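Data block below; observations after.
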2 protein chains.
Amino acid sequence: SVLQKGADGRKFLDLGKKRRAQLSDFKGTMYLDIREYYETNGELRPGKKGISITQEQWNLLKDNASTIDSLFNKAAKKR
Amino acid sequence: SVLQKGADGRKFLDLGKKRRAQLSDFKGTMYLDIREYYETNGELRPGKKGISITQEQWNLLKDNASTIDSLFNKAAKKR
């Protein structure tokens with residue numbers, strides 16, 4: 001799998017630059033947490049930069065991926 | 001388009017619950033900013049909950065969308 005396992009045993013997708021995407025459970029609801037980690041005492045801990053989005057919000061991002069891609073592409077052309 | 005226009009004229013994807021996904025320019029590099037907004041004086045302003053991800057990180061999320069979906073689905077089955 002492309003997923004890695006964190007010190008806490010949870011699977012995450014490594015986004016690079018100490019950023020991870022992983023499922024998190026908050027009060028019985030699952031969220032996709034996209035977050036930057038920081039190193040302390042040789043351990044990586046979740047930092048403040050990040051957001052936990054609902055599955056519905058994740059689906060909205062997925063469903064509009066081509067729109068988001070074209071925003072990136074338009075911005076690149078303006079250079 | 002599915003995109004809306006914010007008070008600042010920038011286009012955003014409404015994720016619901018005052019959350020938006022939109023492109024942001026930081027020092028000449030474009031990021032996808034996924035962020036929660038809050039209302040103040042009748043205006044919506046960007047809050048602390050959020051993260052700006054690079055296009056590369058966005059592509060990683062897209063490329064691994066089915067893996068993320070299956071994590072959500074597995075978690076749902078455990079109920």
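The values are calculated or read from the model by the stated rules, or taken from the named source; none is laboratory data. All values derive from a computational prediction rather than experimental measurement. Using ideal geometry, Cβ is built from the backbone for each residue, glycine included, and neighbour counts are taken over all protein chains shown. Each accessible area value is taken on the protein alone, full model and side chains, heavy atoms only, with ligands, DNA and RNA left out. Shrake-Rupley method; radii C 1.70, N 1.55, O 1.52, S 1.80 Å.
General observations
- Label-to-label distances for residue A:25 across copies, nearest first, come out at 4.5 nm, using points 7 Å from Cα in the beta-carbon direction.
- Crossing angle, helix B:65-77 versus chain B [Cα axis fit, 0-90 degrees, rounded to tens]: 70
- Pair-distance profile P(r), taking every C-alpha pair of chain B, with 5 angstrom steps and integer %: 3, 13, 18, 20, 19, 13, 8, 4, 1, 0
- Simple spin-label estimate for residue A:70 and residue B:70 in nanometres, 7 Å along Cα-Cβ: 3.1
- Label 7 Å beyond Cα on the Cβ vector: residue B:14 copy-to-copy distances, nm: 4.0
- Of the cross-linked pairs A:77/B:48; A:78/B:11; A:62/B:18; A:18/B:48; B:27/B:62, those separated by over 22 Å at the C-alpha level are A:77/B:48; B:27/B:62.
- Projected label points at residue A:17 and residue B:3, each 7 Å from Cα along the beta carbon direction, are separated by 2.1 nanometres.
- With its label point put 7 Å out from Cα toward Cβ, residue B:63 sits 2.6 nm from the same residue's point in the other copies, in order from shortest.
- Relative contact order %, chain A, counting alpha carbon pairs below 8 Å whose residues are six or more apart: 16
- Share of carbon and sulfur in the accessible heavy-atom surface of the protein assembly as shown [1.4 Å probe, %]: 47
- Per residue solvent-accessible surface (Å²) - chain A, probe of 1.4 Å: 62
- Total accessible area lost when A and B pair, probe 1.4 Å, Å² to nearest 100: 3700
- Lys, Arg +1 and Asp, Glu -1 on Cβ, resulting dipole of the protein assembly as shown about Cα centre, debye, nearest 20: 100
- Farthest positive-ward along chain B dipole, Cα basis, beta-carbon charges - from B:29, B:67, B:1: B:67
- Closest approach to the axis carrying B onto A, counted by Cβ on chain B and given in whole Å with its residue, is B:51, 3.
- Minimum 50 Å² accessible area buried by the other protein chains, region B:26-58 residues, probe 1.4 Å, relative to alone: B:30, B:34, B:51, B:55, B:57, B:58
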